[in-house]
Amino acid sequence: MKTVRDIEYFDGVKVLVRVDFNVPIKNEAVVDDFRIRAILPTIDFLKIKGVKIILISHLETIDGDNGSLEPVARYLNKLNCPVLFIKDWKSAPQIIDNQIKNGECVLLENIRFFEGEKKNDPKFAKELASLADIYVNEAFPVSHREHASIVGVPKLLPSYVGLQFEKEVKNISKAFNPTHPFVFILGGAKFSTKLPLIERFADVADTIFIGGALANDSLKARGYNVGESKISDGTIDISKIVSRLNIMLPVDVTIKDRSQKNIKDIGANDCIVDVGARTLELIQEKINQAKFLLWNGPLDPYEDGYVEGTEAVAKMIAEATKKGAESIVGGGDTLAAIMNLAIEDKFTFVSSGGGAMLDFLATGTLPGIDALNSL
């Protein structure tokens with residue numbers, strides 16, 4: 001991939017930068033700035049080069065609706081990263097050409113206010129491309145989406161990736177040729193989306209621990225009763241993959257009333273919400289032995305307040321990293337736990353991507369990466 005370092009810069013060049021500012025907003029204020037801070041080096045690099053920087057992003061509210069990026073613009077200005085927020089896209093070309101100086105930056109309103117974005121409408125992609133001379137993808141977390149700003153624009157402009165995007169690919173790729181023992185901890189839900197990933201690493205990882213709702217599917221496939229626990233739709237047969245000797249599942253669990261049970265004792269009315277104490281001890285043993293650790297996804301419904309297992313594993317991996325293991329971690333709720341514990345600097349690399357990280361691990365590429373080579 002070509003990065004921003006490879007751009008042939010010239011006076012007055014306009015650079016369209018797709019970023020991911022889809023960050024939590026509460027009471028019109030940013031409450032988690034990890035993704036924002038991650039891409040600041042790219043913005044600073046471009047400013048030094050004296051280009052006009054046009055930032056585009058999406059933002060979803062807690063309810064899944066499209067929200068305004070105006071709070072993000074205010075936050076960027078507080079971070080000593082001055083941006084002019086342009087709410088009305090129709091005025092953008094004139095403002096960029098006539099009011100923005102070289103080395104200055106604008107942020108356009110939420111790109112998903114336009115239907116053409118998610119539909120990857122060629123006409124909308126052309127409108128985006130007309131704003132600039134060069135395109136930069138600095139939105140790794142959404143580069144598994146075939147949207148206009150991810151795969152459409154690179155077909156129309158010379159295209160590059162940002163410095164954070166480069167770090168994401170470089171670090172996550174280490175999992176393809178890891179140091180051993182290699183322990184992969186995979187949580188979350190939706191077994192259908194995670195199965196290709198498990199299959200890919202089944203012959204690579206020394207241990208794959210499956211947690212979260214994925215563990216419920218796996219336990220059921222091994223013949224255990226999971227009561228009223230969350231499971232997938234059951235349309236795929238996972239019995240063969242979860243029977244492999246290097247697949248590790250919980251031996252005890254926490255149920256909804258916060259009590260703990262051996263997996264053999266789960267009743268028809270029980271609902272599993274986390275791993276148990278003995279399981280955490282076994283995970284600790286594996287982590288202590290590991291030289292390479294890969295973790296994506298919580299071991300519990302973290303957003304519902306069941307945090308003990310996920311936070312315990314976060315601390316274990318941070319401690320193992322301190323002792324010399326290499327650790328790559330990522331995922332939405334995984335990142336939330338790490339930020340909540342204020343230990344984001346205790347790992348070898350923390351990915352800003354969730355689904356994109358998983359897709360890259362499963363396939364070795366992303367639609368956003370493939371599109372960069374299309375022009």
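Return the carbon/sulfur percentage of the accessible area of segment 271-375, one whole number, probe 1.4 Å, all protein chains in place. Kindly include the intermediate steps, with their values, before the conclusion.
On the way: 1890 of 3960 Å².
Here carbon and sulfur together make up 48 percent of the probe-accessible area.
Provide the three semi-axes, in whole Å and in decreasing order, of the ellipsoid equivalent to segment 17-57 as defined by the square roots of 5 times the Cα gyration tensor eigenvalues. Walk me through the intermediate numbers first.
Values: eigenvalues 104, 21, 13 Å².
One finds semi-axes of 23, 10, 8 Å for segment 17-57.
Arrange the peptides 365-371, 170-176 so that the one whose residues have, on average, the most other Cβ atoms within 10 Å appears first. Walk me through the intermediate numbers first.
Details: 365-371: 20.3, 170-176: 15.7.
In descending order of packing, they fall as 365-371, 170-176.
Defining a contact as two alpha carbons under 8 Å apart and six or more residues distant in sequence, what relative contact order in percent does segment 70-120 show?
Values: 38 pairs, mean separation 18.2, N = 51.
After rounding, I find 36 percent.
In nm, what is the difference between 0.36 nm times the number of residues separating Lys119 and Arg222 and their Cα-Cα distance? Mind dumping the intermediate values first?
Numbers: separation 103, 0.36 × 103 = 37.08 nm, distance 4.06 nm.
Full extension from Lys119 to Arg222 adds 33.0 nm.
On average over all directions, what projected area in square nanometres does segment 263-359 have, based on the convex hull of its Cα atoms?
Values: hull surface 27.8 nm².
Averaged projected hull area, Cα only: 7.0 nm².
Measure out, as a whole number of angstrom, how far apart the alpha-carbon centroids of segment 166-199 and segment 127-156 sit.
After rounding, the separation between the Cα centres reads 26 Å.
If the chain between Thr348 and Asn77 were fully stretched, how many nm would it gain, using 0.36 nm times the residue separation less the Cα-Cα distance?
Extra length available between Thr348 and Asn77 comes to 94.6 nm.
Based on the alpha-carbon set only, what is the convex hull volume of segment 100-167 divided per residue, in Å³? Mind showing how you got there, number by number?
Details: hull volume 6.8 nm³, N = 68.
Residue-normalised Cα hull volume stands at 100 Å³.
Sorted by mean Cβ packing within 10 Å, highest first, what order do the peptides 113-121, 59-67, 17-25, 39-47 take?
Working: 113-121: 16.7, 59-67: 12.9, 17-25: 22.8, 39-47: 19.3.
Ranked from most to least packed, the peptides come out as 17-25, 39-47, 113-121, 59-67.
Divide, for segment 188-323, the radius of gyration over alpha carbons by 2.2 N^0.38 Å, where N is the residue count.
Working: Rg = 14.2 Å, N = 136, 2.2 N^0.38 = 14.2 Å.
Working it through for segment 188-323, the quotient is 1.00.
Grab the Cα-Cα distance for Asn177 and Ile95, subtract it from 0.36 nm times how many residues apart they are, and report the gain in nm with one decimal. Walk me through the intermediate numbers first.
Values: separation 82, 0.36 × 82 = 29.52 nm, distance 4.80 nm.
Value of the extension gain: 24.7 nm.
Rolling a 1.4 Å sphere over the protein heavy atoms, what is the accessible area per residue of segment 167-266, to the nearest Å²? All intermediate terms of the calculation are to be shown ahead of the outcome.
Working: 4890 Å² over 100 residues.
Solvent-accessible surface per residue comes out at 49 Å².
Which helices, taking whole DSSP H runs in the chain, have alpha carbons extending 30 angstrom or more along the helix axis plus mean Kyte-Doolittle at least 1.6? Provide the component values of the computation, followed by the final result.
Working: long enough: none.
Flagged H segments: there are none.
What is the dipole size for segment 55-117, taken about its Cα centre, with +1 at each Lys and Arg Cβ and -1 at each Asp and Glu Cβ, in debye to the nearest 20? Write down the numbers at each step before the final one.
On the way: 6 positive and 10 negative charges, 73 e Å.
The calculated dipole for segment 55-117 is roughly 340 debye.
Using unit Cβ charges (K, R positive; D, E negative) and no other charged atoms, how large, in debye to the nearest 20, is the dipole of segment 97-148 about its Cα centre? Don't skip to the end; give the middle numbers.
Details: 7 positive and 10 negative charges, 34 e Å.
Result for segment 97-148 is approximately 160 debye, rounded to the nearest 20.
What nm distance separates the two modelled labels at Ala29 and Ser192, each placed 7 Å from Cα along Cα→Cβ?
4.1
In nm, to one decimal, how far is the modelled label at Ser259 from the one at Leu245, with both set 7 Å along Cα→Cβ?
3.7
In 5 Å bins starting at 0, how do the alpha-carbon pair distances of segment 78-204 split up by percent?
Pair shares across the bins are 2, 8, 13, 17, 17, 13, 9, 8, 7, 4, 1, 0.
Computing the accessible area with a 1.4 Å probe over protein heavy atoms, can you report the carbon and sulfur percentage for segment 1-137? Spell out each step's value before the answer.
Numbers: 3240 of 6780 Å².
Carbon and sulfur: 48 percent of the exposed surface of segment 1-137.
No solvent, one uniform scatterer per C-alpha: report log10 I(q)/I(0) for the chain via the Debye equation at q = 0.13, 0.14, 0.15 1/Å, two decimals.
Treating every Cα as an identical point scatterer, log10 I(q)/I(0) equals -1.03, -1.15, -1.26.
Taking the Cα centre of each part, how many Å lie between segment 242-308 and segment 45-79?
The two parts, judged by their Cα centres, are 38 Å apart.
With each label point set 7 Å from Cα along the Cα-Cβ vector, what nm distance links Glu8 and Met339?
4.1
The values are calculated or read from the model by the stated rules, or taken from the named source; none is laboratory data. A quick note: this is a predicted structure, and the numbers were derived from the prediction, not measured. Every residue, glycine as well, gets a Cβ built from its backbone with ideal geometry; the counts of neighbours run over all protein chains shown. Ligands, DNA and RNA are stripped out before the accessible areas are found, and what is left, the full protein with its side chains, is counted by its heavy atoms. Shrake-Rupley method; radii C 1.70, N 1.55, O 1.52, S 1.80 Å.
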